[in-house]
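Each remark here refers to the structure printed beneath this line.
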Amino acid sequence: MPSPANASSPTSRKLAWLAGAIVAGGVLWTTGWYVFAAKVETGLPSTLAQLVGPAANARCTDADVRGYPFRFGVFCETLSYENVAEGITANAGAFRSAAQAYSPQHAVAEIDGPLIVNTSDLVFRADWQILQASAQAVSNGLDRGSIDAKSVSFDVDGAALVQRLAVQADRMTAHARRNGVDLDLAAYIENLRNDLIPGLTAKAFAFEATLTDQSSLLEIPFIPLHGPFDAVLHRLAIELDETSSVELTGPVQVDASNRVSGTLELTISNFQQLSELAARHKPEAAGMIRQFGPVIAALDTKPDDDAITLPLTIRSNLISLGFLPLGQLPSF
């Protein structure tokens, strides 16, 4: 009869082999992780160069790859971008990213503010309490991406603007995705405030559009948007409260000089309240509202509903409401 020691030896050997395999696998995984991390870190400058293309330059200062054992993430102290040909420079704070080892094509990131963008005509500054981003990568770039920011502030100034614009919001989300050859864009802002007309707030802002034949904007290298191109504005809306809102919809065209043209529908809900609100915050507008209010109501193309729908025309950045000229869009 075999002894207990002899009977247990096959089991002991199996356990020993299993433990050895686990240790060996761990050593191989650890070695592979650090080799890959070192390769990512060393190749980061060339990767950034590939992302932005030969006409631009991007930097990730003090780059480090972290996340062992089951994540990979690039960390930077600051981010910067420069495109001399376009006259664009941008700088942001620390960058932290992560992707699971079993799903490297899906990455999430956090970015610290402020973001400062300088162009030949404008200076744009954005800051936030927290900003999180996510992206789904494909072989030639991104399939989709999203941004979610809380306690956001925007400041825009420059020669192209008549007056500096400062805006604050409780939350902002933005989304981009490929839709065949087209590009879908959307942005939503909650509790919008501004310094242009103190005391005037908006409950919500919404932007939804499709850029025709522009899915290549998510391909590598990433390049700035230029005309000419066509777009469909599905919704550009400002909701002042539960009943009062202003909304734009319709097709637009941007020419090679980035001038906008289009025939849009402007829908005003609760025109009376909006008129009173405008007169209260800008008293000099009260007389104009009284003068043109009946004309605006007469232009209503859908008189059977509760809102006023008006034809808004843009021709090379010049805006008119019916036959009433309203002004000019700033160049971009």
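In table form, for the structure just shown:
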quantity	calculated
Euclidean distance of C-alpha centroids, the range 147-172 and the range 20-98, integer Å	30
Residues with amide H under 5 Å from that of residue 171, placed H, sequence gap 5 or more	151, 152, 190
Percent accessible area from carbon and sulfur atoms, the chain, protein chains only, probe 1.4 Å	61
In order through the range 147-154: 3J(HN,Hα) via Karplus (6.51 cos²θ - 1.76 cosθ + 1.60), integer Hz, x for Gly, Pro	10, 9, 10, 10, 6, 9, 9, 10
Estimated vicinal HN-Hα couplings, Hz - the range 223-229 in sequence order (Karplus 6.51, -1.76, 1.60; Gly, Pro = x)	10, x, 6, 9, x, x, 7
Mean Kyte hydropathy of 0.0 or more with a Cα span along the axis of at least 24 Å, helices from DSSP in the chain	4-52
Potential extension, residue 166-residue 148 segment - 0.36 nm per residue separation minus Cα distance	4.5 nm
Rounded to whole Hz, the Karplus (6.51, -1.76, 1.60) HN-Hα couplings of the range 127-136, x for glycine and proline	9, 7, 7, 8, 10, 10, 10, 9, 8, 10
Selection from 209, 176, 295 lying farthest towards where the dipole of the chain points positive, charges on Cβ	176
Calculated [θ] (222 nm, deg cm²/dmol) that DSSP helices of n ≥ 4 give over the chain, each run adding -39,500 (n - 2.57)	-8000 deg cm²/dmol
Entry for log10 I(q)/I(0) by the Debye sum over Cα atoms at q = 0.08, 0.12, 0.13 Å⁻¹ (calculated from the structure that is shown) out of (1) -0.36, -0.85, -1.02; (2) -0.52, -0.99, -1.13; (3) -0.41, -0.92, -1.07	(2)
Chain lengthening between residue 320 and residue 16 when straightened (0.36 nm per residue, less Cα-Cα)	101.2 nm
Radius 15 Å from Cβ of residue 106, net charge of other residues (Lys, Arg +1; Asp, Glu -1)	+2
Relative contact order %, the range 1-93, counting alpha carbon pairs below 8 Å whose residues are six or more apart	18
Surrounding net charge for residue 245, when Lys and Arg each add one and Asp and Glu each subtract one, Cβ distance under 13 Å	-3
Formal net charge of residues neighbouring residue 212 (Cβ-Cβ distance under 15 Å; K, R +1; D, E -1)	-4
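The values are calculated or read from the model by the stated rules, or taken from the named source; none is laboratory data. These numbers come from a predicted model, not from an experiment. Positions of Cβ are backbone-derived with ideal geometry, glycine not excepted, and every protein chain shown enters the neighbour counts. Heads up: the accessible areas ignore ligands, DNA and RNA and are worked out on the full protein's heavy atoms, side chains in. Shrake-Rupley method; radii C 1.70, N 1.55, O 1.52, S 1.80 Å.
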